[in-house]
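Q: One structure coming up, written as structure tokens, with questions to follow.
The values are calculated or read from the model by the stated rules, or taken from the named source; none is laboratory data. Given the structure is predicted, the values throughout are model-derived calculations rather than measurements. Every residue, glycine as well, gets a Cβ built from its backbone with ideal geometry; the counts of neighbours run over all protein chains shown.
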Amino acid sequence: MHLPRALHICLLAALMASFSPAIQAFSHHKTASPRPCIQTDDAEDYVGKDVCVTAHVYDVVELKDGTRFLDVCPLSMPDAECRFLMLSLYADHGEVGELRRYQNQNVLVRGVIRPMHGRMGIMISNARQFTGGPEKFRPNPKLLRGFFGQSDAMPVSDPNLTAHGRQRSFMNRYLTEQHTTAAK
């Protein structure tokens, strides 16, 4: 059955209208406005959380070892009263880039709030943090000790994954079940 073009358009519009509430609910859920950035004074309430922090950068300080700090406290404030800092390690210099461009500007930085030398702070490890992106991923060195990608050894020492005496380990039992199921 061949329908005229105008009828196709009307049917398509009616179909779209019937799904409109579901589409609006779905799109509203996905595009809900992001949480606003917190002020540096509120950082203690967000320890261990990945948040956006808004601050004014008064100065960029670089130490002899290459560690850089974004000074977010006014120069008139005593150092002991400054309760927040943003720092970038020398090892991340290539990923972070030049920080002097943020001097005397308001910035929005995403990161995990951590206690640092009696203050709260954010590690800046990648330039994408200034545009809402996450910090650079750093694997836990305790989990990687003795692990090589080419070996057959497990990356972690878990008693549930090793054989004890005559019993099979969890992984061996799982692999045996998979082979017997595939053979049937």
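Let's see how each residue does on (1) in contact with a strand residue (DSSP E or B) (Cβ under 9 Å, 6 or more places away or on another chain); (2) assigned by TED's automatic domain parsing to the domain that holds Ser125; (3) assigned to a strand (DSSP E or B):
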position	(1), (2), (3)
Lys64	no, yes, no
Leu70	yes, yes, yes
Leu75	yes, yes, no
Asp92	yes, yes, no
Val107	yes, yes, yes
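Q: So in segment 62-76, with the set limited to residues that are of a type in the set (A, V, I, L, M, F, W, C) and exposed (fewer than 13 other Cβ atoms within 10 Å of the Cβ), which one is modelled with the highest pLDDT?
A: Leu63
Q: Looking only at segment 47-61, count how many residues are surrounded by 15 or more Cβ atoms within 10 Å (Cβ to Cβ) and not in a strand (DSSP E or B).
A: Of the residues in that region, 1 qualify.
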